[in-house]
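Peer 1: Can you keep this structure in mind? I'll have questions shortly.
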Amino acid sequence: MKPERIKEIVGRFRTGHGFYSFKELKTGHINKTYLINPDSDSKFILQKINQEVFRDPLKLAFNLLRLDGIFGSKTVQYPYVFPKIHYPRNHMPLLREGDKYWRLMDYVKNTTSYSIPPNAEMAFEGAKAFGAFQKPLLEEPAISFYTPIMNFRNLNMRMRSLKSAIKRDSRKRKKTANAEINKIIEREDINAENHKLIKSGKLKKVICHNDTKPDNILLEAGSNHAKAVIDFDTVQAGYLIYDFGDMVRSFCNPVKEDSTDSDKINVDKAKFEAIAEGYFEEVGDQIQPSDKSNLSLGIKTIIFMQAVRFLTDYLNGDIYYKTTHPGHNLDRCRNQLQLLDNYIQQEANLEKNLRRILN
């Protein structure tokens, strides 16, 4: 995008600062993201909303407005930085330019992030920060936020989508994925158990982050201390067991989710205990007994769901996740299935540690 166009867009927001330069950031899978004034003390993050994923950007704007009222106004005790939101002249945290939508917020200075936590201490800090973010949201009614992505963590729906993709086989990839298809069918009891739990109404729906991966924790540069939780696009009603499950999935695997190094794919016990201690230090006394008793199912559900999503996208021709080679999503699926197998192998011992931490 041309500098003149970026300057025009940034100028529509009430920042009190000028525009000097920008660079596009390649992190993230969904929105176009730009760092404004990278060589200045007045840095901002500008994002163009991906309307293929977020069909109604005004829902994102409303949710961000709610979060800004909770965390940005300092009405709650929150020991982390909540990035300052900049508003255009319409008093909503979103700018409409033709049929495109943009938003602008402060860049959190002197921070770094990791896709894979380098140690258990960082895992503890990240999980504790997610817990601190979650804590005040437990007081919010589940209907107080819009739902930007329908059925985001609906495993039953994801299974239907996979079976439809298998039946269509539109890209003629079913043969190469036959082993993974069979393995997912063998593990379909996870979907049945999860569906039964959700239908029972035993779990309380609460406002959750819904994307609790290490990349969404900013650490103070040169330390393991968490400074900010970021990426609020998926904040909506959900279940705590899934947020915890996604932390286990993303924090505890010592290799990236597309790694083919099968010898290294496992659930790191030290990081598992660290995230449990960090997260439940913040919210352990507020969560429901039904959440505590179903944490392991939440872990299996989220890992399994991610494998299902990667395989579905592979069969459909890689239309959702960014890929670098034709079998990229199949590699990701295999990775997650192996991670699931490893978790199930350790499940009894890890559950025992969970009970110890929760009690």
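Peer 1: Select, from Thr301, Thr260, the only residue that is in contact with a helix residue (DSSP H, G or I) (Cβ under 6 Å, 6 or more places away or on another chain) and closer than 29 Å to Pro136 by Cα. Reasoning before the result, please.
Peer 2: Numbers: Thr260 fails: closer than 29 Å to Pro136 by Cα.
Only one candidate qualifies: Thr301.
Peer 1: Report whether or not Ala120 is farther than 18 Å from Asn216 by Cβ and without any contact (Cβ under 8 Å) to a residue 12 or more places away in the chain.
Peer 2: When the stated conditions are applied, Ala120 does not pass them.
Peer 1: Have a look at Ile230, Ile265, Ile302 and point out the one that is β-branched (Val, Ile, Thr), in the same structural domain as Ile143 (by TED's automatic domain parsing) and crowded, with 24+ Cβ neighbours inside 10 Å.
Peer 2: None of the other options fit; the residue is Ile302.
One line per residue, one yes/no per condition, for (1) over 24 Å from Lys227 (Cβ atoms); (2) of a type outside the set (Gly, Ala, Ser):
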| residue | (1), (2) |
| --- | --- |
| Asp106 | no, yes |
| Tyr114 | no, yes |
| Phe145 | yes, yes |
| Leu155 | yes, yes |
| Ser164 | yes, no |
| Lys174 | yes, yes |
| Ile181 | yes, yes |
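Peer 1: Kindly provide the set of residues from region 148-175 that are surrounded by 15 or more Cβ atoms within 10 Å (Cβ to Cβ) and either more than 30 Å from Gln51 (Cβ to Cβ) or in contact with a strand residue (DSSP E or B) (Cβ under 7 Å, 6 or more places away or on another chain) (or both), ordered by number.
Peer 2: Pro148, Arg153, Lys174
Peer 1: Yes or no: Thr27 within 26 Å of Ala132 (Cβ to Cβ) and either polar (S, T, N, Q) or crowded, with 18+ Cβ neighbours inside 10 Å (or both)?
Peer 2: Yes; evaluated as a whole, the condition is true for this residue.
Peer 1: Also: Scanning for something over 26 Å from Arg355 (Cα atoms) and assigned to a loop (DSSP other than H, G, I, E, B), does region 283-293 turn up at least one residue?
Peer 2: no
Peer 1: Restricting attention to region 164-198, which residues are closer than 30 Å to Ser293 by Cα and free of Cβ contacts under 8 Å to residues at least 60 places away in the same chain?
Peer 2: If the condition is that a residue be closer than 30 Å to Ser293 by Cα and free of Cβ contacts under 8 Å to residues at least 60 places away in the same chain, then Asn182, Ile185, Glu186, Glu188, Asp189, Ala192, His195, Lys196, Ile198 are the ones that fit.
Peer 1: What tally of residues in region 249-265 results from selecting those that are more than 12 Å from the chain's Cα centre (by Cα) and within 14 Å of Leu295 (Cβ to Cβ)?
Peer 2: Residues in region 249-265 being more than 12 Å from the chain's Cα centre (by Cα) and within 14 Å of Leu295 (Cβ to Cβ): 1 in total.
Peer 1: Looking at (1) over 22 Å from Lys227 (Cα atoms); (2) crowded, with 18+ Cβ neighbours inside 10 Å; (3) of a type in the set (Asp, Glu), which one does Glu139 not meet, given that it meets all the others?
Peer 2: Exception for Glu139: condition (2).
Peer 1: How many of the residues in region 41-55 are surrounded by 13 or more Cβ atoms within 10 Å (Cβ to Cβ) and either part of a strand (DSSP E or B) or of a type in the set (Asp, Glu) (or both)? If you could, list the steps in order and put the result at the bottom.
Peer 2: Taking region 41-55 as the starting set, the residues that turn out to be surrounded by 13 or more Cβ atoms within 10 Å (Cβ to Cβ) are 42-51, 53-54.
Narrowing further to those that are either part of a strand (DSSP E or B) or of a type in the set (Asp, Glu) (or both): 44-48.
Counting residues in region 41-55 that are surrounded by 13 or more Cβ atoms within 10 Å (Cβ to Cβ) and either part of a strand (DSSP E or B) or of a type in the set (Asp, Glu) (or both) gives 5.
Peer 1: Looking at (1) of a type in the set (Lys, Arg); (2) closer than 22 Å to Pro214 by Cα; (3) buried (at least 19 other Cβ atoms within 10 Å of the Cβ), which one does Arg103 not meet, given that it meets all the others?
Peer 2: Against the list (1) of a type in the set (Lys, Arg); (2) closer than 22 Å to Pro214 by Cα; (3) buried (at least 19 other Cβ atoms within 10 Å of the Cβ), Arg103 comes up short only on (2).
The values are calculated or read from the model by the stated rules, or taken from the named source; none is laboratory data. It should be emphasised that the depicted structure is a prediction, and the values quoted were computed from it without experimental measurement. All Cβ positions, glycine included, derive from the backbone under ideal geometry; neighbour counts span all protein chains shown.
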